[in-house]
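> The structure is given below, and queries will be raised subsequently.
Readers should treat all values here as calculations from the given coordinates under stated rules, not as data from a laboratory. All values derive from a computational prediction rather than experimental measurement. All Cβ positions, glycine included, derive from the backbone under ideal geometry; neighbour counts span all protein chains shown.
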Amino acid sequence: MRLLRGSARIAAVIVISLQLASANGKDEKKDKLKPEVVDSGAFQVLVKGQHVITESFTIEQKEGLSIVKAQLKQTTGTDPTQQKSRMEFTSQGELISYDWSQSSGGSLSVEPKNDFLIEKITTPGSGKPAEQPFLMPTTSMILDNNFFIQREVLAWRYLAVDCTSEAGGLKCQQGPAEFGVLVPQDRTSMSVRMELVGKEKVKFRGVDRDLLRVNLTGENFQWSLWLDDQDHFKLLRVAIPADDTEVVRE
């Protein structure tokens, strides 16, 4: 029953096509005044064991919308660059808007146009933004560079749509599930796959934890994600062996 409640919570959290009622019993008027914070915190990004980036994030839910905000701050260099992103999507999992900017200049946005997506890119010192269309449905996920909280949202969507609770555990469809995603900073789209591996004992903050492992793969990459199924499937750790990179929740 714990996993069943968790799976329902996932679907409600990210407000995708599953129209589940909110189980928290809050007064509707109060919900309209203040969004529910579904997840918040920070990730440390370590390359070869060195802490190079901190990502702080929040996921909020309000009036049928999910809002995912993140900020990156370099911990190395004399003039560290900061990046910010904000993503909003509807109860049907349709993108409303995605915005990204960095402190050194330049910004971009993605929004629906005629049932597809269009990206607008503004470079430092430029005037009118350049536009690039993508023939992708508005339910496509955003997986921008360096924002790991977006990987958590994708994992939630995968577990909610492709997995069910059965015999005290999660049962997912045979083989990996495929998702079309947009990488705005690279101005490209791609297909990625997610697949449930199962429970694993993982060292987290010096303590052995039983966490749920999901593999995220693409044409040229393979990542391992570990989620806490005892705490709303929050992302705790990511391993990217090819880049000698590890991401750990603070």
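> How large are Rg and Dmax for the stretch 194-250 when only the alpha carbon atoms are used, in Å?
11.2, 33
> If you don't mind, there's one more thing I want to ask. Cα centroids of the stretch 36-65 and the stretch 199-243: how far apart, whole angstrom?
15 Å
> So what is the calculated 222 nm ellipticity per residue for the chain, using -39500 (n - 2.57) for each DSSP H run with n of 4 or more, over all residues, to the nearest 500 deg cm²/dmol?
On the way: 3 runs with 33 residues, N = 250.
Dividing the helical sum by the residues of the chain leaves -4000 deg cm²/dmol.
> Let me ask you something else. Could you tell me the largest-minus-smallest coordinate of the C-alpha atoms of the chain on each of the three principal axes, in descending order and whole angstroms?
Answer, in whole Å and largest first: 58, 45, 37 Å.
> Still on this structure: Tally Lys/Arg at +1 and Asp/Glu at -1 over every other residue whose Cβ is under 12 Å from the Cβ of Arg237; what's the total?
On the way: positive: Arg151, Lys203, Arg205, Arg209, Arg213, Lys234, Arg249; negative: Glu152, Glu200, Asp228, Glu246, Glu250.
Summing Lys/Arg as +1 and Asp/Glu as -1 gives +2.
> May I pose another question? Once each part is reduced to its C-alpha centroid, what is the distance from the stretch 172-194 to the stretch 126-147 in angstrom?
14 Å
> On to the next question. Would you work out the charge dipole size for the stretch 2-249 about its Cα centre, treating the Cβ of every Lys and Arg as +1 and the Cβ of every Asp and Glu as -1, and quote it to the nearest 20 debye? Don't jump to the answer; show the numbers that get you there.
Values: 31 positive and 33 negative charges, 122 e Å.
Roughly 580 debye, rounded to the nearest 20.
> Another question, if that's okay. Among DSSP beta bridges whose residues both lie in the chain, state the antiparallel percentage, nearest 5. Walk me through the numbers on the way to the answer.
Working: 94 of 96 bridges.
Rounded to the nearest five, the antiparallel share is 100 percent.
> Taking 0.36 nm per residue of sequence separation and subtracting the Cα-Cα distance, how much length would be gained by fully extending the chain between Ile96 and Ala167, in nm to one decimal?
Values: separation 71, 0.36 × 71 = 25.56 nm, distance 3.73 nm.
My answer for the length gained is 21.8 nm.
> While we're here: Measure up Lys34/Lys201; Lys69/Lys171; Lys128/Lys234; Lys34/Lys84; Lys120/Lys201 against 32 Å on the Cα-Cα distance and list the ones that go over. Provide the component values of the computation, followed by the final result.
On the way: Lys34/Lys201 38 Å; Lys69/Lys171 30 Å; Lys128/Lys234 39 Å; Lys34/Lys84 22 Å; Lys120/Lys201 43 Å.
Pairs exceeding 32 Å: Lys34/Lys201; Lys128/Lys234; Lys120/Lys201.
> Within the stretch 210-250, report the trypsin sites (Lys or Arg not before Pro) that DSSP leaves as loop and that have at most 12 other Cβ atoms within 10 Å.
Numbers: sites: Arg213, Lys234, Arg237, Arg249; in loops: none.
When the trypsin sites (Lys or Arg not before Pro) of the stretch 210-250 are filtered for loop state and at most 12 Cβ neighbours within 10 Å, nothing remains.
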